[in-house]
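The values are calculated or read from the model by the stated rules, or taken from the named source; none is laboratory data. Owing to the predicted nature of the structure, the values given are computational and were not obtained by experimental measurement. FYI the Cβ positions are ideal-geometry reconstructions off the backbone, even for glycines, and counts take in every protein chain you see.
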Amino acid sequence: GENVEQHPSTLSVQEGDSAVIKCTYSDSASNYFPWYKQELGKRPQLIIDIRSNVGEKKDQRIAVTLNKTAKHFSLHITETQPEDSAVYFCAASRESGYSTLTFGKGTMLLVSP
Amino acid sequence: DTAVSQTPKYLVTQMGNDKSIKCEQNLGHDTMYWYKQDSKKFLKIMFSYNNKELIINETVPNRFSPKSPDKAHLNLHINSLELGDSAVYFCATTPPNTGELFFGEGSRLTVL
């Protein structure tokens, strides 16, 4: 089955800095790579995703890159703000049939004012 | 109008008891899931149902028994609760042939 490794487990930055979270996956057939943000006491919510037919995707201050050859993908947050503080999860799956998402272990991002 | 709703949100109980968590989705999706999030925040799939049929059971103990009376509902019954069952349980659903998960708000189970 799929195995997703995520680093770092915690990340502290100053407001305005950039933050980068990296993930690797094991199943070369995986083709869907979402990122979820979970604020304290809340549910995980999708913030951005990328499919294997593209190498990069951007949405305002967040961007995701994918390297299928190396089987790794990354989340980039620029101009971080205190409200970006949360746990971020990467995940991977084959986007077909009954395949389920396999999550990384999460990164706790703390943005200090 | 909440897309995926779970009840109860909080549940505190003693070891050995039996408890249930209910989940309902109004998105019309066929596929529903239960995920367990432990104290270290790790999200792990427990079960997957498609149109009331069990698709995936990720080596969850027999004490956990999901039930899907119809494709809009997926309930989780837990027998003989143990301390290690303390966690947040998330119900989720996904549209056909996509990976995106819509999570419920979670049910925090504390076993004393």
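Keeping to the stretch A:77-113, report how many residues are away from every other protein chain (no Cβ under 11 Å), more than 16 Å from the chain's Cα centre (by Cα) and closer than 17 Å to A:W35 by Cα.
1
Among residues belonging to the stretch B:77-112 that are polar (S, T, N, Q) and under 20 Å from A:G41 (Cβ atoms), point out the one that is surrounded by the most Cβ atoms within 10 Å (Cβ to Cβ).
Result: B:S107.
Of all residues in the stretch B:31-45, which are touching a residue at least 12 places away in the same chain (Cβ under 8 Å) and either among the hydroxyl-bearing types (S, T, Y) or facing another protein chain (nearest Cβ under 10 Å) (or both)? Explain how you work it out, then say what you get.
Step one: list which residues in the stretch B:31-45 are touching a residue at least 12 places away in the same chain (Cβ under 8 Å), which gives B:31-39, B:43-45.
Residues satisfying the conditions are B:T31, B:Y33, B:Y35, B:Q37, B:S39, B:L43, B:K44, B:I45.
Identify all residues within the stretch A:28-44 that are at the interface with chain B (Cβ under 10 Å from one of its Cβ atoms) and over 11 Å from the mean Cα position of the chain (by Cα); write none if there are none.
Once the filter is applied, which keeps residues that are at the interface with chain B (Cβ under 10 Å from one of its Cβ atoms) and over 11 Å from the mean Cα position of the chain (by Cα), the stretch A:28-44 yields A:S30, A:N31, A:Y32, A:Q38, A:G41, A:K42, A:R43, A:P44.
Restrict the check to the stretch A:39-56 and report whether at least one residue is more than 22 Å from B:S39 (Cα to Cα) and basic (K, R). Steps first, please.
Taking the stretch A:39-56 first, the residues more than 22 Å from B:S39 (Cα to Cα) are A:47-56.
Subset that is basic (K, R): A:51.
Yes, that holds for at least one residue.
Please count how many residues of the stretch B:1-38 are out of contact with any Phe, Trp or Tyr (no Cβ under 7 Å at 6 or more places or on another chain) and outside any strand (DSSP E or B).
Residues flagged as out of contact with any Phe, Trp or Tyr (no Cβ under 7 Å at 6 or more places or on another chain) and outside any strand (DSSP E or B) within the stretch B:1-38 amount to 14.
If we only count strands (runs of 3 or more DSSP E) wholly inside the stretch A:24-113, which ones have 3 or more residues that are of a type outside the set (A, V, I, L, M)? Let's see the steps before the verdict.
Numbers: elements: A:32-38, A:45-51, A:56-59, A:62-67, A:72-77, A:86-92, A:107-112.
It comes to A:32-38, A:45-51, A:56-59, A:72-77, A:86-92.
A:S74 passes all but one of (1) more than 14 Å from every other protein chain (Cβ to nearest Cβ); (2) touching a helix residue (DSSP H, G or I) at 6+ places or on another chain (Cβ under 8 Å); (3) crowded, with 16+ Cβ neighbours inside 10 Å; which number fails?
(2)
From A:S99, A:S30, A:S26, grab the single residue that is surrounded by 15 or more Cβ atoms within 10 Å (Cβ to Cβ) and in contact (Cβ under 8 Å) with a residue 40 or more places away in the chain. Spell out how you get there, then give the answer.
Working: A:S99 fails: in contact (Cβ under 8 Å) with a residue 40 or more places away in the chain; A:S26 fails: surrounded by 15 or more Cβ atoms within 10 Å (Cβ to Cβ).
One residue alone meets the criteria, A:S30.
Any chance you could count how many residues in the stretch B:91-112 are in contact with an Asp or Glu (Cβ under 8 Å, 6 or more places away or on another chain) and within 19 Å of A:T100 (Cα to Cα)? Break it down into steps so the answer makes sense when it comes.
Here is the first cut: in the stretch B:91-112, the residues in contact with an Asp or Glu (Cβ under 8 Å, 6 or more places away or on another chain) are B:94, B:96-100, B:109, B:111.
From what is left, the residues that are within 19 Å of A:T100 (Cα to Cα) are B:94, B:96-100.
Within the stretch B:91-112, residues that are in contact with an Asp or Glu (Cβ under 8 Å, 6 or more places away or on another chain) and within 19 Å of A:T100 (Cα to Cα) number 6.
Name the single residue that is nearest to B:R108 (Cα to Cα) among those in the stretch B:1-25 being of a type in the set (D, E, K, R) and under 16 Å from the mean Cα position of the chain (by Cα).
Looking only at the stretch B:1-25, we keep the residues that are of a type in the set (D, E, K, R), and these are B:1, B:9, B:18-19, B:22, B:24.
Within this subset, residues satisfying the condition of being under 16 Å from the mean Cα position of the chain (by Cα) are B:9, B:18-19, B:22, B:24.
Values: B:K9: 6, B:D18: 15, B:K19: 12, B:K22: 12, B:E24: 17 Å.
In this case the residue turns out to be B:K9.
Taking the residues in the stretch A:1-24 that are within 13 Å of chain B (Cβ to nearest Cβ) and farther than 25 Å from B:G104 by Cβ as candidates, determine which candidate is modelled with the lowest pLDDT. Break it down stepwise before answering.
Here is the first cut: in the stretch A:1-24, the residues within 13 Å of chain B (Cβ to nearest Cβ) are A:1-6, A:9-10.
From what is left, the residues that are farther than 25 Å from B:G104 by Cβ are A:3, A:5, A:9-10.
Details: A:N3: 93, A:E5: 97, A:S9: 96, A:T10: 97.
Across the stretch A:1-24, the extreme among qualifying residues is A:N3.
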